[in-house]
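Before any comments, here is the structure.
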Amino acid sequence: MSTSNKSGGGDKIAEGKVGDQLEYVTMTINGQWFGIPVLSVQDVLGPQKIAMIPLAPPEVAGSLNLRGRIVTAIDPRMRLGLPPRDENETVMSVVVEHLGELYSLLIDQVGEVLKLPSSRFEQNPASLDARWRDISTGLYRLDDRLLIVMDIERLLNFDKSIAA
Amino acid sequence: MVHTIKGTCGFLGLPRLGAVAHVAEDVLGKFRDGDLQVTPDSVTVILESLDCIKSLLGHLEESEKEPEGSDEEIIAKLRAIADSAGPETTLDDMEAAFEAASVKPQEETMTSAQTVQAELDKAVADAKREGAAKPAAAATEAALPAESKIANQNIRVGVDLLEHLMTMVSELVLTRNQLLQMVRGQTDNEFAAPLNRLSHVTTELQEGVMKTRMQPIGKAWAKLPRIIRDLSIELDKKINLKMIGEDTELDRQVLELIKDPLTHMVRNSADHGIESLEVRQAAGKPDIGTVTLKAYHEGGHINIELSDDGAGINMEAVKKKAMDTGVVTESQLETMTDQQIQQLIFAPGFSTAAEVTSVSGRGVGMDVVKTNVEKIGGTVELSSVAGEGSTFVIKIPLTLAIVSALIVEASDQRFAIPQISVIELVRAAGNAEHTVEMLNDAPVLRLRDRLLPLVSLSQVLRIGEEQGEFDNESETFIVVSQVGTYSFGIIVDRVFDTEEIVVKPVAPMMRDIGVFSGNTILGDGSIVMILDPNGLAAAGAKSSVGSAADAVDEDTNAAGGEETTALLVFTSGAGAPRAVPLALVARLEEIECKDIEISDGKPVVQYRGQLMPLVHSQEGQTIEDEGKVSIVVFSEDNRSMGLIVDEIVDIVDDVLNIEINADQPGIAGSAIIDGKATDIIDAGYYLTQAFTDWFQSKATRQSADGKSKRLLLVDDSPFFRNLLKPLLSAAGYDVTMAGSGDEALAILDSGGDFDIIVSDIEMPGTNGFDLARACRKDDRWKETPIVALSAHTTKLDFERGREAGFTDYVSKSDRDALLSALSQSLTMMGDAA
């Protein structure tokens with residue numbers, strides 16, 4: 001993980017903010033680009049053996065073994081109301097930590113780590129699907145695509161999703 | 001400090017040191033309590049005594065023995081001071097003391113006291129240091145050096161650190177298991193030997209770390225003697241607490257968790273268990289009641305037995321309470337064994353204490369105890385003998401971190417079941433000794449003399465293909481499991497071996513799935529869920545297995561679902577078998593024909609101190625002179641009647657769907673039961689034959705009408721509910737039953753749909769009038785006809801009923817009137833609409 005040696009303004013280090021630059025790990029889900037603050041990402045894994053958990057909420061895809069720790073696999077597609085993944089498609093995992101527990105987000109592809117100036121961060125348009133707005137803080141308009149910033153906390157807050 | 005020295009000396013046999021310290025302590029104690037004024041003289045003497053102690057210590061260090069000689073002088077001085085204490089201290093004494101002390105006596109004395117303390121501390125510290133420098137000192141003789149050596153061998157370690165160590169060791173165990181699995185079966189592997197060694201070391205390390213977490217159970221008991229003492233004073237009982245096996249060690253995590261439940265149970269034993277002095281004397285028991293706590297290891301568990309020699313559990317009180325609180329129904333109680341009734345004290349919200357004392361009966365009952373114990377994978381069992389006392393046995397695992405578990409497979413997924421709850425394994429297949437049988441769609445297994453309810457793991461977890469029918473030909477395994485005293489079987493596809501697993505909590509979002517207690521990583525690196533047998537039993541009970549009485553009672557709010565009713569099938573004369581709802585039957589008896597007497601031209605038999613009338617179920621049936629007859633006993637309000645039948649055939653649980661409305665008296669209709677046309681008898685007909693006034697004392701209701709109208713029947717007596725159900729069904733109503741006004745309201749609120757409501761008037765809680773008023777206020781039920789049933793049918797009663805909102809008001813004893821009232825009310829409604 002590269003760290004910019006820029007001084008000052010490190011008030012939101014945990015969210016990958018360095019100076020007025022924010023770093024994001026980018027990934028695709030169903031063709032859409034998403035970004036997660038780089039410092040909240042613990043690991044990026046290739047295809048894993050995922051053990052199913054019966055009776056679990058639909059978002060929970062199962063659990064996987066990450067070097068002796070049990071990681072709960074979450075499929076954001078369910079939260080976003082996207083169609084389930086094709087069986088043949090590759091699955092990658094982005095491991096994040098939330099309240100001391102590890103979660104792995106199942107995604108399609110991992111892209112590069114992008115450094116983006118915080119000035120370019122924008123609010124989500126009001127017309128965005130409520131399910132999408134629910135898990136995202138805002139977006140970046142990049143030259144060739146839109147990058148939606150995923151809010152891990154909200155994504156993993158299940159009580160809210162059930163109530164919504 | 002002086003006290004410590006004294007104590008240690010007494011212990012180690014150093015009389016001189018002990019004597020001096022003892023007297024010095026007396027004096028210091030009196031200073032502290034204010035019994036004795038601190039005077040310069042006395043301080044001097046104390047300091048002298050300290051010097052004396054120091055010198056004795058010096059001798060000890062050198063010679064490891066107390067020096068010869070006597071300390072009489074200093075002891076006498078100290079005594080003199082100590083004895084001058086007490087209330088007799090005169091004003092003069094005090095004045096003299098003040099004078100002798102300097103201008104600020106307070107400060108001075110304070111300082112002196114501090115000096116004394118400081119000196120003492122120093123003396124002992126010196127002694128310790130020097131003692132430590134002489135490792136050769138014999139521990140038995142050299143008190144302080146020995147103490148200091150031990151002190152140096154103990155270190156304080158934070159619990160966090162130990163927890164972390166434990167976690168790391170757990171991981172190590174997992175990795176070891178993983179390696180072992182990889183090498184297993186390869187005899188010539190070069191890693192085999194070192195791995196073997198690693199395995200041994202790991203096991204020892206694991207045991208060692210576990211030991212650091214072990215604490216004697218006595219720690220959790222420390223407060224109990226005091227609690228018992230306070231209780232015995234408060235309750236004016238004499239209670240002796242015996243504690244056996246305080247040294248038994250268990251994991252401190254477990255210890256913390258059982259501490260409160262244990263305290264609660266001990267209180268209970270003393271409060272509810274041990275009788276008052278008078279009662280004990282009357283029963284010829286020793287005055288002093290005994291509560292015994294006993295802890296011992298057994299297998300990988302610790303058993304804690306708590307027994308008292310008190311009154312035992314009052315079965316009648318438990319029954320009454322259970323019914324009052326609605327934990328069970330009257331009919332359920334009838335079928336329960338004493339053992340099962342005793343278990344009721346573990347039901348939520350249950351407390352037999354007649355009134356709330358400061359000691360117990362505050363609503364935090366045994367259910368909390370049970371829940372807490374079960375939370376840590378333990379069980380509570382209870383056995384009680386009336387008049388002789390009760391014994392609780394708590395069985396808990398030694399540790400929570402690593403458990404031994406049985407690995408099973410269902411629908412290609414593996415799960416772990418903690419070994420503690422597995423009793424045995426049974427292989428079942430079409431051609432094997434054991435076969436899974438279906439009882440009303442619920443799988444059961446005949447195991448030895450018992451019928452074991454089964455839970456299919458795949459079905460409970462909703463995994464694998466939807467199997468409508470359980471395939472009982474293929475090979476399956478049944479894991480017989482026990483939760484408390486409830487045994488059940490878990491159907492799994494395969495059983496693997498047992499494995500030591502490290503329990504890890506599941507992620508927060510899955511905590512409310514009741515059937516898992518955690519998850520773990522197996523030796524091969526795969527993750528499996530750990531099943532919680534408590535949760536499985538609960539899930540299983542919900543989905544399939546319920547007792548017969550449950551089935552009858554639970555149909556109250558099944559809106560349209562197929563309800564099953566437990567029926568007793570018997571034969572009587574020729575023709576179709578007959579059946580009666582089991583809930584109506586009090587018991588089945590066989591009586592000697594010669595015991596049957598004739599009274600007033602009717603057969604009667606002496607039964608439980610009463611004359612019980614007998615009724616033939618078949619016209620023209622005669623009683624033989626010899627042999628036995630089977631009778632079905634119906635009973636209510638201390639009155640019983642016996643129905644003479646030819647043979648009791650079976651008890652079946654089936655959907656009661658009365659098809660033909662029979663004309664024959666005593667037959668409510670016919671239904672297909674167990675594949676055979678069966679006459680459902682009208683128990684009411686026989687009851688009135690036996691007692692013409694049977695219905696006048698209690699509420700009843702009957703129905704009539706053509707179409708299948710939905711009818712809500714409210715009555716607090718399960719007997720009459722069950723009596724009327726077949727009648728109303730026969731009259732074409734779709735009957736839903738409620739046992740109380742409150743229950744009826746709940747059913748109405750939960751969206752049940754009814755064309756007519758029939759309600760008893762006299763009910764505990766919400767009575768019939770209240771119910772009618774409530775319905776009239778509700779828009780949905782404003783128009784619904786409500787028919788009241790009552791034993792009182794005076795004009796005044798009618799008026800009151802109409803005021804409350806009843807459409808009609810009929811006498812309980814008049815069944816025809818009820819049926820016509822029902823149809824009239826409905827017709828009126830139809831016209832109005």
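Quick notes on this one:
- The residues in the range A:52-73 that are at pLDDT below 90 and more than 9 Å from chain B (Cβ to nearest Cβ) can be counted, and the count is 4.
- If you go through the range B:739-762 and keep only what is aliphatic (A, V, I, L, M) and open to solvent by 20 Å² or more (accessible area, probe 1.4 Å), you end up with B:Leu745, B:Ala746.
- Selected residue (only one of A:Pro117, A:Pro83, A:Pro57 is in contact (Cβ under 8 Å) with a residue 12 or more places away in the chain, under 18 Å from B:Pro508 (Cβ atoms) and more than 12 Å from the chain's Cα centre (by Cα)): A:Pro57
- B:Asn189 satisfies every condition listed in (1) more than 30 Å from B:Leu161 (Cβ to Cβ); (2) open to solvent by less than 30 Å² (accessible area, probe 1.4 Å) except (2).
- Failed item, numbered, when A:Met52 is tested on (1) loosely packed, with under 15 Cβ neighbours inside 10 Å; (2) closer than 24 Å to B:Leu457 by Cα: (1)
- The range B:461-501, subset open to solvent by less than 80 Å² (accessible area, probe 1.4 Å), at pLDDT below 85 and under 26 Å from the mean Cα position of the chain (by Cα), residue farthest from the other protein chains (Cβ to nearest Cβ): B:Thr485
- Of residues in the range B:312-327 being at pLDDT 75 or above and not in a helix (DSSP H, G or I), the one farthest from B:Ser740 (Cα to Cα): B:Gly312
- The condition of being at pLDDT 85 or above, in a strand (DSSP E or B) and surrounded by 15 or more Cβ atoms within 10 Å (Cβ to Cβ) holds for B:Lys294.
- Of all residues assigned to the range A:98-111, at least one qualifies as being within 14 Å of chain B (Cβ to nearest Cβ), open to solvent by 20 Å² or more (accessible area, probe 1.4 Å), small (Gly, Ala, Ser) and free of Cβ contacts under 8 Å to residues at least 12 places away in the same chain.
- Filter result for A:Arg133 (more than 14 Å from every other protein chain (Cβ to nearest Cβ), among the charged types (D, E, K, R) and under 17 Å from the mean Cα position of the chain (by Cα)): yes
- Candidates in the range A:33-49 are the residues that are within 27 Å of B:Ile527 (Cα to Cα) and open to solvent by 60 Å² or more (accessible area, probe 1.4 Å); of these, the one that is nearest to the other protein chains (Cβ to nearest Cβ) is A:Lys49.
- Flag if B:Ile407 is modelled with pLDDT of 80 or more, surrounded by fewer than 21 Cβ atoms within 10 Å (Cβ to Cβ) and either not in a helix (DSSP H, G or I) or not small (Gly, Ala, Ser) (or both): yes
- All helices (runs of 4 or more DSSP H) inside the range B:213-289 with 3 or more residues being within 22 Å of B:Gly389 (Cβ to Cβ) and under 23 Å from the mean Cα position of the chain (by Cα): B:224-235, B:252-268
- Residue match in the range A:5-16 (condition: modelled with pLDDT under 85, open to solvent by less than 30 Å² (accessible area, probe 1.4 Å) and away from chain B (no Cβ under 14 Å)): yes
- Count of residues meeting criterion [within 20 Å of B:Arg184 (Cβ to Cβ) and more than 9 Å from chain A (Cβ to nearest Cβ)] in the range B:512-535: 3
The values are calculated or read from the model by the stated rules, or taken from the named source; none is laboratory data. Keep in mind that this is a model prediction, so the values were computed, not measured. Counting neighbours? That spans all protein chains shown, and the Cβs are built from the backbone with ideal geometry, glycine included. Ligands, DNA and RNA are stripped out before the accessible areas are found, and what is left, the full protein with its side chains, is counted by its heavy atoms. Shrake-Rupley method; radii C 1.70, N 1.55, O 1.52, S 1.80 Å.
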